[in-house]
Structure formats: C-alpha cells, structure tokens
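The values are calculated or read from the model by the stated rules, or taken from the named source; none is laboratory data. Remember, it's a predicted structure, so these values are computed and weren't measured experimentally. When we count neighbours, we look across all protein chains shown, and the Cβ atoms used for this are built from the backbone with ideal geometry, even at glycine. Side chains included, ligands, DNA and RNA excluded: accessible areas come from the protein's heavy atoms. Shrake-Rupley method; radii C 1.70, N 1.55, O 1.52, S 1.80 Å.
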Amino acid sequence: MSDQRVDQGKRTWLIASSCAGVVGGVATAVPFVSTFTPSERARAAGAAVEVDIGGLQPGEKLTVEWRGKPVWIVRRTPEQIESLKKTEPQVADPNSDRTQYPTPEYAKNQHRSIKPEYFVGVGICSHLGCSPSDKFQAGPQPSLPDDWTGGFLCPCHGSTFDMAGRVFKNKPAPDNLEVPPHVYLSDTRLLIGEDKKA
Ligand code: FES
C-alpha cells in the first residue's frame with residue numbers, strides 16, 4: 001500500500017535498503033505520517049515538513065518523509081540520554097566533525113540534537129544506503145555486543161549507531177547518521193528541512 005505513495009526519491013532509498021530485504025519491515029512497522037502541511041507537489045520538490053510530535057512517548061520513534069528520505073524523530077528516555085556518555089569513547093566521531101553529512105552547528109553536541117530528549121536524523125546508513133533497524137533495548141542480543149546500551153543496527157553490513165546516530169568505531173559506515181536541518185515551531189511542532197538560518 002505504501003508503495004503507491006512513493007515518489008522517485010523515496011523509491012531510491014527503498015531500493016537501496018532492499019539489500020537486506022528490509023523494505024517490508026520499514027513499510028509496515030513505520031507508517032509515514034499522513035498529515036503533512038505542504039502539498040504533495042511541494043513535498044516532491046523538497047519543501048519542509050511540519051510534524052506534530054505531541055503524541056510521541058519516551059522511547060518511541062516517529063518516521064516522516066522529507067525529500068524522499070525517512071526522517072526519524074526519537075523521543076529518548078533519560079536512560080537513553082545517559083547512555084550517550086558511555087558510548088562517547090566507543091564511537092568514531094563523537095563530536096560530529098566528519099563532513100560527508102555535515103552536522104548542523106546546533107546538533108554538534110553529545111546528543112546531536114537541539115533538545116537532548118529528541119533525536120532527529122535521516123534513517124539511511126552512511127555506508128551504502130540501507131535503513132538501520134531500531135535496537136533500543138539494552139543488553140546482549142544477536143549481532144550486538146554484550147554491553148549494548150541501545151541504538152541502531154544496519155542489517156546490511158553490521159554498522160552500529162548509538163542513540164544519537166553516532167557510528168561505532170571500526171564499522172563500514174564512514175559517518176554518523178545525517179541530521180537534517182530542523183527547527184522547533186513550538187514544544188510540539190517540528191519543522192524538518194529548514195532551520196532558523198534557512
Ligand atoms: S549499508 Fe549499512 S552497513 Fe553497509
């Protein structure tokens with residue numbers, strides 16, 4: 001059903017993510033928000049997307065589409081925010097200095113976001129474009145280290161990211177997950193695709 005709504009840009013990442021057969025999982029487990037403010041045509045041209053995050057509970061993730069890409073909004077729990085201190089020495093670019101996907105200045109911090117509680121990131125692996133899976137539960141589990149504190153796992157070649165989308169050391173992904181331009185219009189409304197400088 002969601003296939004009927006894909007535009008050309010989205011098709012690109014769906015195809016890219018099919019290397020691990022995750023298309024169905026993405027389409028069914030993460031429904032796209034259907035109440036976009038801009039028109040469909042404006043969205044296809046890359047218009048900013050306004051999102052209501054008022055109903056998002058701690059530990060939950062919302063996915064919206066912006067410029068044909070899935071953008072994740074994660075409301076982190078206090079434990080998940082705390083976990084970023086532990087992963088700090090384990091990630092390859094803790095300060096988001098790498099430039100393949102330049103991180104906006106306001107997200108160049110440990111939580112890679114404007115507000116520590118919310119992470120906003122593009123859900124596409126910086127290696128070859130698969131869509132990583134949520135692995136928010138801490139502790140030992142398949143394909144993850146025993147001291148896992150929560151984050152994302154790319155099923156294609158095993159890159160792992162912490163709860164701020166920071167890639168762990170010695171993984172194929174060359175960069176952290178992209179943080180798109182975004183700005184809060186209010187406590188519960190987020191604009192993805194523009195920031196204050198736009
Ligand atoms: S595409 Fe993610 S690890 Fe290769």
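Suppose we filter segment 162-173 for residues that are within 21 Å of Glu105 (Cβ to Cβ) and either within 10 Å of the ligand (Cβ to nearest atom) or at pLDDT below 95 (or both); how many remain?
If we filter segment 162-173 for residues that are within 21 Å of Glu105 (Cβ to Cβ), which is where we start, we get 162-167.
Narrowing further to those that are either within 10 Å of the ligand (Cβ to nearest atom) or at pLDDT below 95 (or both): 167.
Residues flagged as within 21 Å of Glu105 (Cβ to Cβ) and either within 10 Å of the ligand (Cβ to nearest atom) or at pLDDT below 95 (or both) within segment 162-173 amount to 1.
Number of residues in segment 134-156 that are over 18 Å from Thr87 (Cα atoms) and either under 17 Å from the mean Cα position of the chain (by Cα) or among the β-branched types (Val, Ile, Thr) (or both): the value is 2.
Scanning segment 142-149 for residues that are surrounded by fewer than 15 Cβ atoms within 10 Å (Cβ to Cβ), of a type in the set (D, E, K, R) and under 14 Å from Arg98 (Cβ atoms) turns up nothing. Counting the residues of segment 51-78 that are over 13 Å from Val120 (Cβ atoms) and either at pLDDT below 65 or not small (Gly, Ala, Ser) (or both) gives 8.
State the number of residues belonging to segment 114-173 that are assigned to a strand (DSSP E or B) and within 16 Å of Glu88 (Cβ to Cβ). The total comes to 7. Six or more apart or on different chains, Cβ under 7 Å: which pairs go from a residue in segment 138-156 that's over 15 Å from Lys169 (Cβ atoms) and away from the ligand (no atom under 16 Å from the Cβ) to one that's open to solvent by 20 Å² or more (accessible area, probe 1.4 Å) and of a type in the set (Asp, Glu)? Could you list them? That search, which allows pairs on different chains as well, returns Pro140/Asp146. Within segment 49-62, residues that are polar (S, T, N, Q) sit with their Cβ atoms under 9 Å from residues that are part of a strand (DSSP E or B), at 6+ positions apart or across chains, in these pairs: Gln57/Arg75. Among the numbered criteria (1) touching a Pro at 6+ places or on another chain (Cβ under 6 Å); (2) in a loop (DSSP other than H, G, I, E, B), which single criterion is violated by Pro94? With respect to (1) touching a Pro at 6+ places or on another chain (Cβ under 6 Å); (2) in a loop (DSSP other than H, G, I, E, B), Pro94 is out only on (1). Just one residue in the set Ser113, Ser133 is within 16 Å of the ligand (Cβ to nearest atom), within 18 Å of Val74 (Cα to Cα), touching a helix residue (DSSP H, G or I) at 6+ places or on another chain (Cβ under 8 Å) and at pLDDT 95 or above; that residue is Ser133.
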